[in-house]
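Remarks on the structure that follows.
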Amino acid sequence: MNITKIPLGEWVDSLVDWITVTFAALFSFFTNLIDGLLNIIVDVLSVGPPIVLIIVLALLVGYTSKWPLGIFTVVSLLLVDNLGYWDSTIQTLAIVLVSGFFIILLGIPIGIWCAQNKTVQNIVTPILDFMQTMPAFVYLIPSILFFGIGVVPGIVASFIFAIAPAIRMTNLGIQEVPKDLTEASDAFGSTSSQKLFKVQLPLATPTILAGINQSIMLALSMVVTASLVGAPGLGADVYRAVSQINVGQGFEAGLSIVFIAIILDRITQNIRKPAYEKLVSRKIVLSIVGILIVVAALFNTFTKEDTIKGAGSAIGESTNYKIIGIEPGAGLMAQAKTAMKDYKLDNWTLVEGSSAAMVAELKKAYSKKEPIIITGWSPHWMFASFDLKYLDDPNGTFGGAEEINTIVRKGLKEDAPGAYTILDQFSWDTSDMEKVMVDVSGGMDPKEAADKWIKENNDKVAKWTKGAQAGNGEEIKLVYVAWDTEIASTNVIAKVLEQNGYKVKMSQVEVGPMFAGVANGSVDAMVAAWLPSTHKDYYESYKKDLVDLGPNLKGTKNGIVVPKYVDIDSIEDLK
């Protein structure tokens, strides 16, 4: 059926843009609120050496779930500290606790409202269905635009994804209270509030706590997803390990998350009926925990010294001393970290996230003419869409111009000689790539943009396919990273291979898996190896198992980028 596509995506984009502008002050308020609350919790959890918090958590787990689990808590957290993930664990705990706080603050009242009003329940239920089934990554997109890159959009996305069980179980728990008890309450003249607080909520407490438990577990499961937009903690460690194919680090960070999950699960499951409540009243234990939190907060308030960051650096103060980066496994990020050491930018933070999150933050700052500092590379469509400049690099940390190489697996020449020839002869200019990227950034499907460019450049494509044997439906697997440059080049070469009789399958992965996949033969080729600097470590690790066909594009560049309206010219100006 040839029916015009409904521009739903454009409508959503327009709505998000309107919300971003209209409620900018409100979003700024919530950003500061969540950031402040998170910092307070991190400071409280960080008071004293790690053993202090370990003992407190062990006693709490032991009290609620018997002493063997208390011993497990001590051993597991000491292992986490020994492996070097204590600071990340504190950050993760703080993120989950902030998410849990807002889940309880809003989830329980909404659940009560649903239980008392059928119309509200009928409205809220499909919304919860939507929230639970929509992929969690989708929540990150508007969150970045509303709250900027960092931990706040991660917490907001976690809250949206995880609140549904708390609402549903609160509603269910109240509705399951026996009707004869509520009727008896009415018969004795109870008001609605008396019936709720003295009859319904006490009886529904086990179900409500089960919902809170599940919501907290879901919030914890979001820590890796939240790291895509710059949220720190164990999730960022896992994400970094995945992108770098670091199995050991991934296992260590993942195991730390498991330990945290077990500890939080046991506390929230058994807090209503602790194992040793007969020995020590629950009220006494909760009071002691509350006092410890207050004391830790007061201690931190009086002992914490204000540090002056980057004295005399106006650009540092206006950007909160942050350089917005991309995926942690990218070679560009390693170069940026090296540059920060070379130029002694000790007060600055390189924010890890994704290239999409970085561009979203750039768009947001650029529209308001606010200063922003990002990691950048060219060719990239953002240089055509925004007026940007590279900061001078006197030390040459980012190196000179680079090339993007085509790399294939061993044996491809024998298995698919025609595809090998096309890949070997594939070469184009930065202006060619930028045309495809601009079309894609403007909303065109990458395959359509590739097809458009091919139709406009048949002479160049003919050089790639000259002398190449036609395929006979053989499958060629291409792999690429989700960078705009690689999306453009991979879709173009894939279309050319398809036109020459091959069945092409494209897979989007991180940098590490991209090299590993070609090296172990699970995929056939990539046209996305930035050399000699950006992907140097990956290339050196796998080069014995790869076939390097040389550059398909020359003249790329990496560095630190700012809008031209930002009044600095060199990386040294960041000091």
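Summary of values
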| quantity | calculated |
| --- | --- |
| Solvent-accessible heavy-atom area per residue, rounded to whole Å², over the chain at 1.4 Å | 48 Å² |
| Interchain or long-range residues, amide H under 5 Å from Trp530's placed H | Asn405, His535 |
| Which of Gly418, Ala231, Gly517, positive extreme of dipole for the chain (C-beta unit charges) | Ala231 |
| Segment Asn347-Phe188, extension gain: residue separation times 0.36 nm, minus the distance between their alpha carbons | 50.7 nm |
| In sequence order, calculated HN-Hα J values of region 379-396 (Karplus, 6.51, -1.76, 1.60; Hz; x Gly/Pro) | x, 7, 5, 5, 6, 7, 8, 10, 8, 10, 8, 7, 6, 4, 10, x, 7, x |
| Total charge dipole magnitude, the chain, about the Cα centre, Cβ charges on Lys, Arg, Asp, Glu only, Debye to nearest 20 | 1500 debye |
| Unit charges on C-beta of K, R, D, E only; dipole of region 315-364, Debye | 60 debye |
| Test item: Cα-centred dipole of region 107-240, Lys/Arg +1 and Asp/Glu -1 on Cβ, debye | 120 debye |
| Among 59-65, 175-181, 495-501, 267-273, the order from most to least packed when residues are scored by Cβ within 10 Å on average | 59-65, 495-501, 267-273, 175-181 |
| Positive-end residue, the chain charge dipole about Cα centroid, Cβ charges, pick of Gly290, Ala330, Asn270 | Asn270 |
| Distance (nanometres) between label positions extended 7 Å along Cα→Cβ at Lys410 and Trp113 | 6.4 nm |
| Convex hull of the chain built on C-alpha atoms - directionally averaged projected area, nm² | 32.4 nm² |
| The chain: DSSP helices with Cα axial extent of at least 20 Å and average Kyte-Doolittle hydropathy no lower than -0.5 | 8-22, 24-45, 50-65, 67-83, 86-116, 118-133, 151-175, 201-221, 247-270, 282-303, 484-499 |
| Residue among Leu196, Ile163, Asn122 farthest towards the positive dipole end of region 108-205, charges placed on Cβ | Ile163 |
| Computed Kirkwood radius, in angstrom, where 1/r is averaged over Cα pairs of region 1-97 | 17.2 Å |
| DSSP beta bridge pairing in the chain, given as percent antiparallel to the nearest 5 | 60 percent |
| Per-residue SASA entry for Leu69, accessible area with 1.4 Å probe, Å² rounded to 10 | 40 Å² |
| Residue-span extension gain [Phe299 to Asp545] - 0.36 nm each, minus C-alpha spacing | 82.9 nm |
| Prolate/oblate/rounded label for region 335-457 (Cα gyration tensor, a/c 1.5) | oblate |
| Nearest-10 value in Å² for the accessible area of Lys505, using the 1.4 Å probe | 100 Å² |
| FRET efficiency, Ser431 to Gln499 (Cβ-Cβ, R0 22 Å, nearest 0.05) | 0.45 |
| Share of alpha-carbon pairs per 10 Å distance bin for region 187-282, given as whole % | 14, 29, 23, 18, 11, 4, 1 |
| Surface share of carbon and sulfur [accessible, 1.4 angstrom probe, percent] for the chain | 59 percent |
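The values are calculated or read from the model by the stated rules, or taken from the named source; none is laboratory data. Source: prediction; values computed, not measured. Positions of Cβ are backbone-derived with ideal geometry, glycine not excepted, and every protein chain shown enters the neighbour counts. Note: areas computed on protein heavy atoms with side chains; ligands, DNA, RNA excluded. Shrake-Rupley method; radii C 1.70, N 1.55, O 1.52, S 1.80 Å.
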